[in-house]
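Colleague: First the structure, which I've put down as structure tokens, then a few questions once you've had a look.
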Amino acid sequence: MNMVNLTINNRAVSVPEGTSILHAAKETGITIPNLCYHPDQEVKANCRVCVVEVEGAKTLQAACATSVKEGMVVRTNTKKVRDSRKVVIELLLANHDMNCPSCSKNNHCGLQEIAANLGVRESRFQNVLEEQEIDTSSPSIVRNQNKCIKCGRCIQMCNQVQGLAILDYIGRSDSAQVKPAFGWYLADVACVACGQCSVVCPVAAITEKEDIEQVWEAINNPNKTVVVQTAPAVRVSLGEEFGMEPGEIVTGKLVASLRTLGFDKIFDTDFTADLTIIEEGHELLQRIQEGGTLPMLTSCSPGWINFIEQYYPELLAHVSSCKSPQQMFGALAKGYYAQKIGVDPQDIFSVSIMPCTAKKFEADRDEMSVDGENPDVDVVLTTRELAKMLRQAGVDFNKLEEEEYDAPFGLSTGAAVIFGATGGVMEAALRTVYEVVTGKTLESLDFKAVRGLEGIKEAEVDLDGTIVKVAVAHSLSNARKVMELIKSGKAEYAFIEIMCCPGGCIGGGGQPFGGTDELRLKRIEATYRADTELPIRKSHENPAIKKLYEEFLGEPLGEISHHLLHTHYHSRKH
Amino acid sequence: MQVKDALDKYGRSPDKLIGAMLAYQNSTPCNYLTEDDIREFAKETGLPESRVHSVASFYSLLSTKPRGKYIVQVCYDVPCYVNDSLNLVKELERMLKAKMGETTEDGLFTLEYSSCLGCCDKAPAMQIGENLYGSLTKEKLSDILTEYRRKRHE
């Protein structure tokens, strides 16, 4: 690797050829502010906040888009640079809804942070914002054009990672806006509600739909038994909201924090993840043995379900009939637990903490109601919303002592934890299917071929002489490739796991902001660490699951399972 | 002309989109692309609707709003500006009884700004369709508009 020598603010620095000034400065401990730049995206260089002085250049240069050169002399902190950055921020603020204190991204906003760091005290320009209607049509995400700084991060995410191209620029220059085609509402276009746009938005132009107040109301209502479930991916990301290093496992503190907030019972979605493996594993075996539609596709990820319903409905027969772990939990909470504790199901208020915005859409679906009237999951909060709730309640998350989940839906296995990472559902299923089919004990539980951030992964498993091929895809651009493969008849797989978001649920649209691969890898590493730290690592060995079948469900794919735990999806093609 | 005809002529790859849309638009009576047109371009080319709409709304030669038979585009850049293009616009607005961006009541003219037309030596300048007019004065404007009003019946 060729190294390039340059000076930044009179300090010598040597970095590999091709490095941008932005990254070279970071090496020397200088943070150059930026808004449109995102490490996993193409350089856009449209916000002009990262400008620096380069000796010999006539104009200020964008640090994100300028590669270092031998002997380059860069200054990042001259009056000219500071003034220029200030003007850029002031111009953005002049076309911005500046209700910072009541903004949902207050204290988490890139624009606010840079304005504060630059010492912008007033905007010299008159505010020219022409206020537009806020798009609240989606049950998952809110699009507020009045906050948009037109950086284009969401457009790149939606187009290149998800391959959907729901959002793009309309118009040009100062009248440009970021919207769905023809300015339609999100609910009226083929958006899958994944919320990946919200993860990369530096401001509050796209955020999750906040449902916190409903939860406070339920907690404060003495007639309601408020139960909460926590998704696998939340325990490896929530700590980030409270200043912990990415990849910290905070399961015990998460439980304690929920109890502090006043939830009556703290349960784990991991329990129903184990249950999903039992049901889905048996469904797979049934399809293989009875000549059902193969490859079978997983059904846990609601963004993915939204995708196949709207883009590939002709392949819906491939989708497992299993509800997602969230919805299995909801159905059990109202269709089993209520009876067990002698409470009217109507007085159970079921909340879930999810890394996901599409889960809000899923909970809202007509199919997801045991009694046909009340939703099985009343409210879905994202990881970010839980963090907000904890801040509202003044909970010092770091100081909490670790606590345990409540019975009977608190016991789970390592197989359930890894649902949070791409490949995890597949690995969990293989651990169970192998042992159920062969009657042998797996020597190694780690199916490393299905782990990691590669877009599409493949593996083969020898089930007593029968070789079963499986595949794993994450992010919808990869899902699309797999769907085309199935349509062409070239997919020789028995089972395919598909997750809507890059990295799986740990990279979900409801997770703490950032959305970089670096962050995803740390959360994935923590996920597999949590797996190995658990005493039981196979779903079919979970004693609480065994008991549930003995006491209530009977057998996998049985009549009660069919009623509570399975469903069918339908074409919603536009 | 149909959308398909334009694409057959220009090709269906992304780089041919602008030419095809322009040719199609110029063949329509109101000089613009409807939502349905844009959707059809997207379907035929395999490009996302949002992208095709983005392109159609970006270039000033393309319009997503109905326009007159003749598009009067006045240069908005500096050399024309210092040569009094502002008063030229005022005069045009008076003569056409339409503000900048609007279409005349008879549907004949739409008044628009344009980026530099490349004839700064004849500033102030404007173009109507493919015809360029420079060194403009009030008198010249009147003659030009009269000419087009006469031409409409041809």
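The values are calculated or read from the model by the stated rules, or taken from the named source; none is laboratory data. Keep in mind that this is a model prediction, so the values were computed, not measured. Cβ atoms come from the backbone with ideal geometry, glycine included; neighbour counts cover every protein chain shown.
Colleague: Only strands (runs of 3 or more DSSP E) wholly contained in segment A:158-264 count here; list those with 3 or more residues that are within 14 Å of chain B (Cβ to nearest Cβ) and within 30 Å of residue A:481 (Cα to Cα).
Modeller: Details: elements: A:167-170, A:177-180, A:206-208, A:225-230.
Output list reads A:167-170, A:177-180.
Colleague: A further question follows. Restrict the check to segment A:279-290 and report whether at least one residue is buried (at least 20 other Cβ atoms within 10 Å of the Cβ), more than 19 Å from residue A:522 (Cα to Cα) and within 20 Å of the chain's Cα centre (by Cα).
Modeller: No, every residue in segment A:279-290 fails to be buried (at least 20 other Cβ atoms within 10 Å of the Cβ), more than 19 Å from residue A:522 (Cα to Cα) and within 20 Å of the chain's Cα centre (by Cα).
Colleague: Across segment A:354-400, which residue is surrounded by the most Cβ atoms within 10 Å (Cβ to Cβ) among those that are acidic (Asp, Glu) and in a loop (DSSP other than H, G, I, E, B)? Step through it out loud before you land on a result.
Modeller: Taking segment A:354-400 as the starting set, the residues that turn out to be acidic (Asp, Glu) are A:362, A:364, A:366-367, A:371, A:373, A:376, A:378, A:385, A:396.
Restricting the remaining residues to those that are in a loop (DSSP other than H, G, I, E, B) gives A:364, A:366-367, A:371, A:373, A:376, A:378, A:396.
Working: A:364: 14, A:366: 7, A:367: 12, A:371: 11, A:373: 8, A:376: 27, A:378: 22, A:396: 10.
Taking the candidates together, the pick is A:376.
Here's the yes/no breakdown for (1) under 30 Å from residue A:472 (Cα atoms); (2) in contact with a strand residue (DSSP E or B) (Cβ under 8 Å, 6 or more places away or on another chain); (3) free of Cβ contacts under 8 Å to residues at least 40 places away in the same chain:
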{"residue": "A:372", "(1), (2), (3)": "no, no, yes"}
{"residue": "A:383", "(1), (2), (3)": "yes, yes, no"}
{"residue": "A:393", "(1), (2), (3)": "no, no, no"}
{"residue": "A:396", "(1), (2), (3)": "no, no, yes"}
{"residue": "A:399", "(1), (2), (3)": "no, no, yes"}
{"residue": "A:408", "(1), (2), (3)": "no, no, no"}
{"residue": "A:435", "(1), (2), (3)": "yes, no, no"}
{"residue": "A:440", "(1), (2), (3)": "yes, no, yes"}
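Colleague: Next question. Can you name every residue in segment A:18-47 that is farther than 22 Å from residue A:82 by Cβ and free of Cβ contacts under 8 Å to residues at least 24 places away in the same chain?
Modeller: Answer for segment A:18-47, where residues must be farther than 22 Å from residue A:82 by Cβ and free of Cβ contacts under 8 Å to residues at least 24 places away in the same chain: just A:43.
Colleague: Report every pair of residues separated by at least 6 positions or lying on different chains whose Cβ atoms are under 6 Å apart, first residue within segment A:237-253 and in the same structural domain as residue A:533 (by TED's automatic domain parsing), second crowded, with 20+ Cβ neighbours inside 10 Å and of a type in the set (Ser, Thr, Tyr).
Modeller: Partner pairs satisfying both residue conditions: A:237/A:383; A:238/A:383.
Colleague: Those residues that are farther than 19 Å from residue B:137 by Cβ and assigned to a strand (DSSP E or B), I need them from segment B:85-113; list them, please.
Modeller: As a first pass, look at segment B:85-113 and keep what is farther than 19 Å from residue B:137 by Cβ: B:97-108, B:110, B:112-113.
Across segment B:85-113, the qualifying residues are B:103, B:110, B:112, B:113.
Results for (1) assigned by TED's automatic domain parsing to the domain that holds residue A:508; (2) of a type in the set (A, V, I, L, M, F, W, C); (3) farther than 29 Å from residue A:520 by Cα, shown as yes or no for each residue.
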| position | (1), (2), (3) |
| --- | --- |
| A:134 | no, yes, yes |
| A:156 | no, no, no |
| A:167 | no, yes, no |
| A:204 | no, yes, no |
| A:223 | yes, no, yes |
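Colleague: Filter segment B:6-35 for residues that are under 24 Å from residue A:164 (Cα atoms), assigned to a helix (DSSP H, G or I) and either within 14 Å of chain A (Cβ to nearest Cβ) or acidic (Asp, Glu) (or both) and give the result.
Modeller: Within segment B:6-35, B:14, B:15, B:17, B:18, B:35 meet the criteria.
Colleague: For residue B:104, indicate whether it is within 14 Å of chain A (Cβ to nearest Cβ), more than 12 Å from the chain's Cα centre (by Cα) and either among the β-branched types (Val, Ile, Thr) or surrounded by fewer than 16 Cβ atoms within 10 Å (Cβ to Cβ) (or both).
Modeller: Details: within 14 Å of chain A (Cβ to nearest Cβ): no; more than 12 Å from the chain's Cα centre (by Cα): yes; either among the β-branched types (Val, Ile, Thr) or surrounded by fewer than 16 Cβ atoms within 10 Å (Cβ to Cβ) (or both): yes.
No: the conditions fail for residue B:104.
Colleague: Oh, and also: Take the residues in segment B:36-49 that are within 11 Å of another protein chain (Cβ to nearest Cβ) and either among the basic types (Lys, Arg) or free of Cβ contacts under 8 Å to residues at least 24 places away in the same chain (or both); name whichever of them is nearest to residue B:144 (Cα to Cα). Show your work before the answer.
Modeller: Restricting attention to segment B:36-49, the residues satisfying the condition of being within 11 Å of another protein chain (Cβ to nearest Cβ) are B:36, B:38-39, B:42, B:47-49.
With the extra rule that they be either among the basic types (Lys, Arg) or free of Cβ contacts under 8 Å to residues at least 24 places away in the same chain (or both), the set shrinks to B:36, B:39, B:42, B:48-49.
Numbers: B:36: 35, B:39: 37, B:42: 38, B:48: 41, B:49: 39 Å.
Per the criteria, the residue is B:36.
Colleague: Does residue A:470 count as in the same structural domain as residue A:332 (by TED's automatic domain parsing) and assigned to a helix (DSSP H, G or I)?
Modeller: Judged against the criteria, residue A:470 is not a match.
Colleague: Would you be able to tell me the number of residues in segment A:37-79 that are basic (Lys, Arg) and exposed (fewer than 13 other Cβ atoms within 10 Å of the Cβ)? I'd like the intermediate steps shown before the answer.
Modeller: First pass over segment A:37-79, keeping only residues basic (Lys, Arg): A:44, A:48, A:58, A:69, A:75, A:79.
When the remaining residues are screened for being exposed (fewer than 13 other Cβ atoms within 10 Å of the Cβ), the result is A:58, A:79.
Number satisfying all stated conditions: 2.
Colleague: Only one of these is at negative phi, away from chain A (no Cβ under 14 Å) and at pLDDT 95 or above: B:78, B:52, B:3. Name it.
Modeller: Numbers: B:78 fails: at pLDDT 95 or above; B:52 fails: away from chain A (no Cβ under 14 Å).
When all the criteria are applied, what remains is B:3.
Colleague: Then there's this: Can you find a residue that is closer than 19 Å to residue A:138 by Cα and at pLDDT 95 or above anywhere in segment A:391-409?
Modeller: Keep residues of segment A:391-409 that are closer than 19 Å to residue A:138 by Cα, which gives none.
No: segment A:391-409 contains no residue that is closer than 19 Å to residue A:138 by Cα and at pLDDT 95 or above.
Colleague: For segment B:57-75, how many residues meet the condition of being touching an Asp or Glu at 6+ places or on another chain (Cβ under 9 Å) and within 14 Å of chain A (Cβ to nearest Cβ)?
Modeller: 3
Colleague: If I ask for residues that are of a type in the set (Lys, Arg) and either touching a residue at least 40 places away in the same chain (Cβ under 8 Å) or outside the structural domain of residue A:224 (by TED's automatic domain parsing) (or both), which ones from segment A:345-369 would you list? It would help to see each step written out before you state the result.
Modeller: From segment A:345-369, those of a type in the set (Lys, Arg) are A:359-360, A:365; that's our starting set.
If the condition is that a residue be of a type in the set (Lys, Arg) and either touching a residue at least 40 places away in the same chain (Cβ under 8 Å) or outside the structural domain of residue A:224 (by TED's automatic domain parsing) (or both), then A:359, A:360 are the ones that fit.
Colleague: Mind listing whichever residues of segment A:48-71 are more than 20 Å from residue A:115 (Cα to Cα) and free of Cβ contacts under 8 Å to residues at least 24 places away in the same chain?
Modeller: Of everything in segment A:48-71, those that are more than 20 Å from residue A:115 (Cα to Cα) and free of Cβ contacts under 8 Å to residues at least 24 places away in the same chain turn out to be A:55, A:56, A:57, A:58, A:59.
Colleague: Given the residues A:111, A:118, A:91, which is the only one that is surrounded by 18 or more Cβ atoms within 10 Å (Cβ to Cβ) and in contact (Cβ under 8 Å) with a residue 12 or more places away in the chain?
Modeller: Numbers: A:118 fails: surrounded by 18 or more Cβ atoms within 10 Å (Cβ to Cβ); A:91 fails: surrounded by 18 or more Cβ atoms within 10 Å (Cβ to Cβ).
Unique residue meeting the criteria: A:111.
Colleague: Going by the conditions given, is residue A:123 more than 29 Å from residue A:18 (Cα to Cα), within 32 Å of the chain's Cα centre (by Cα) and polar (S, T, N, Q)?
Modeller: Details: more than 29 Å from residue A:18 (Cα to Cα): yes; within 32 Å of the chain's Cα centre (by Cα): no; polar (S, T, N, Q): yes.
Criteria not met by residue A:123.
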